[in-house]
Amino acid sequence: MKGMALTVGLSMVLTACSGGSGGGSATGSNSGGASEGEKPSTGTSEQANPVKLTFFNTSAEVNTVFEELFKAYNQINPNVTIELIPTPIGGAQLEKFQSLIASGSPANIANLDPGTIMQFESSFLDLESEKAKYEGLTKPGAIDAALLDGKFLGVPWTAQGYGLLYNKKAVEEATGAAFDPASIKTRDDLAALFEKIEAAGKAPVMIHGADWSLGAHYLGLTYSLQSDKVDTNRAFVDELKSGAADLATNEKFNGLMDTFDLLKQYNARKSDPLVADYMKDSTDFANGEAAFYFMGDWTWAVIGTLEGRDEEFGVIPVPISNNPDDFGNSQIAYSQPKLLAIDGSGSTPEQQEAAKAFVEWLVTSKEGQEAIVNKMGLAMPYKDVQATSTNVISNVVTQFVDAGKIIDIGVINYLPQDYWAKTGASMQKYLVGNIDRAALAAEVQDYWKANASR
């Protein structure tokens, strides 16, 4: 999911961008239900009287799947009806959520980026009483990664990774040789491969020009690559705000931008880089129009439904230097980009208990897991999942997670919710050549200085 802000893509397409933290483990080829000693919830709630719930969804690309799940839940729990409050992909999701709170009619359940939950922390129910149960259901570290300043305010339900997706057939047809993803260890390795692919008449890479992809997923790596510790990365952002850190001279930023320059050079969309048609970009990549695609495993929601597409896909890290041992060159970005939070400000106790029961059913029942894993094309950070994933990209993400080769992007949970849109706009200017790197660094640094109190 995009999340679209990881979480935006990882929030926005699950946003459609995206955005979370990385302690849990995705399941790509999942197997098995609830943890040993626990049975999947039937969702049965204590209430005998009718209860109506509203569900605010920022994973806009799967609105219809959620609506199907609400109907299925009502079949086994006739006293509970759930109404979707949809948001459009890339739309004004935060503004809509704010308006619901301001109107005194907040959604009973909200599927949100962790950062949004942090922003409206006082509006949500503290789920500390549910924490031990979910620690038993999820993979090690998943709940710790979902905690926001130590509080359990949202239940994780999906895990996502992103980097440079590859179309194996497209790469091999262009190079005339078998492709070993592990052979790309440095930026120069990637440049040499791109040169061969372009020489064969094929576009080496696709850059999706939306602000969430550029601002949250690409530039956002700057904040997560400073260290493998979220608290250290939060301190770096604070130093950007105070001016103690200079983005223009930062090694990780410049490494990322050196690689971005390479992607720009070989971009399939370089004649019109800001079109940002997510469906077309994903479809063209799936059909071999570009060999690589800077995107995440959530794009399987598009790719997996296409007829006549290529079959073999995977993901490699975005190399940020020519030293294979540098942090980031062998890791992919990973997060739990969305959490399910329950309203604590305007919902009745009956609605809150019914909401808890539905969330548990969603993540533990076979029907809920099948919908998340196969209809949505997502991985789940749960131990025993009763669905086998067909998302081949997510399955590769799982291999990185299981090997501990991840970049924990949890720092984004603590960033202002407009950071990706504002800095993404600067990245768009850089992408089309309207500003140089020095001006980009200055604009991004100015954003952080202007938001020193946030």
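The values are calculated or read from the model by the stated rules, or taken from the named source; none is laboratory data. Please read these numbers as outputs of a predicted model, since none were measured by experiment. Virtual Cβ from ideal backbone geometry, glycine too; neighbours counted across all protein chains shown. When the accessible area is computed, the model is the full protein with side chains, heavy atoms only, and any ligands, DNA or RNA have been set aside. Shrake-Rupley method; radii C 1.70, N 1.55, O 1.52, S 1.80 Å.
How many Å³ per residue does the convex hull of the Cα positions in the chain occupy?
So the per-residue Cα hull volume is 125 Å³.
Principal axes first, then extents: for the Cα atoms of region 129-176, list largest minus smallest coordinate on each axis, whole Å, largest first.
Here the Cα extents, ordered largest to smallest, are 57, 21, 14 Å.
Would you list, by chain and number, the lysines whose Cα falls below 17 Å from the Cα of K52, excluding same-chain residues fewer than 8 positions away?
K71, K356
Would you mind checking K139/K405; K169/K383; K264/K422; K169/K366; K185/K252 for any pair whose Cα atoms are more than 26 angstrom apart?
Over 26 Å Cα-Cα: K169/K383; K169/K366.
Classify region 305-454 as rounded, prolate or oblate, taking a ≥ b ≥ c as the square roots of the eigenvalues of its Cα gyration tensor: rounded when a/c is under 1.5, otherwise prolate if a/b is larger than b/c and oblate if not.
Cα axes put region 305-454 in the oblate bin.
Find the accessible area per residue for the chain; the probe is 1.4 Å, ligands and nucleic acids are left out, and the unit is Å².
Result: 36 Å² of accessible area for each residue.
In terms of Cα to Cα distance under 19 Å, which aspartates and glutamates are near enough to K133, apart from those fewer than 8 places away along the same chain?
The qualifying aspartates and glutamates are E36, E38, E46, D144, E353, E360, D384.
Out of all DSSP beta bridges with both ends in the chain, state the antiparallel percent to the nearest 5.
60
For every helix of n ≥ 4 consecutive DSSP H residues, a contribution of -39,500 (n - 2.57) applies; sum these over the chain, divide by its total residues, and give [θ] at 222 nm rounded to the nearest 500 deg cm²/dmol.
That calculation yields -11000 deg cm²/dmol at 222 nm.
Counting only Cα atoms, I'd like the Rg/Rh figure for region 86-189, Kirkwood definition for Rh.
Result: Rg/Rh = 1.17.
Which net charge results for the neighbourhood of A439, defined as the other residues with beta-carbon distances under 12 angstrom from its beta-carbon, given Lys and Arg at +1 and Asp and Glu at -1?
-1
Provide the convex hull volume over Cα atoms per residue for region 265-337, in Å³.
Given the Cα convex hull of region 265-337, per-residue volume reads 123 Å³.
Bin all alpha-carbon pair distances of region 159-213 at 5 Å intervals from 0 and give each bin's fraction as a whole percent.
4, 17, 27, 25, 15, 9, 3, 0
Can you give the convex hull volume of the alpha carbon atoms of region 50-118 per residue, in Å³?
85
Using a cut-off of 9 Å between beta-carbons, work out the net charge of the residues near G288 (Lys and Arg +1, Asp and Glu -1, G288 not included).
-1
Percent of accessible area on the chain owned by carbon and sulfur, 1.4 Å probe?
47
Could you state the principal axis extents of the C-alpha atoms in region 149-242, from the largest down, to the nearest angstrom?
Projected onto the principal axes, the Cα atoms of region 149-242 cover 52, 34, 26 Å.
Once the principal axes of the Cα atoms of region 219-354 are found, what is the range along each, listed largest first in whole angstroms?
55, 50, 30
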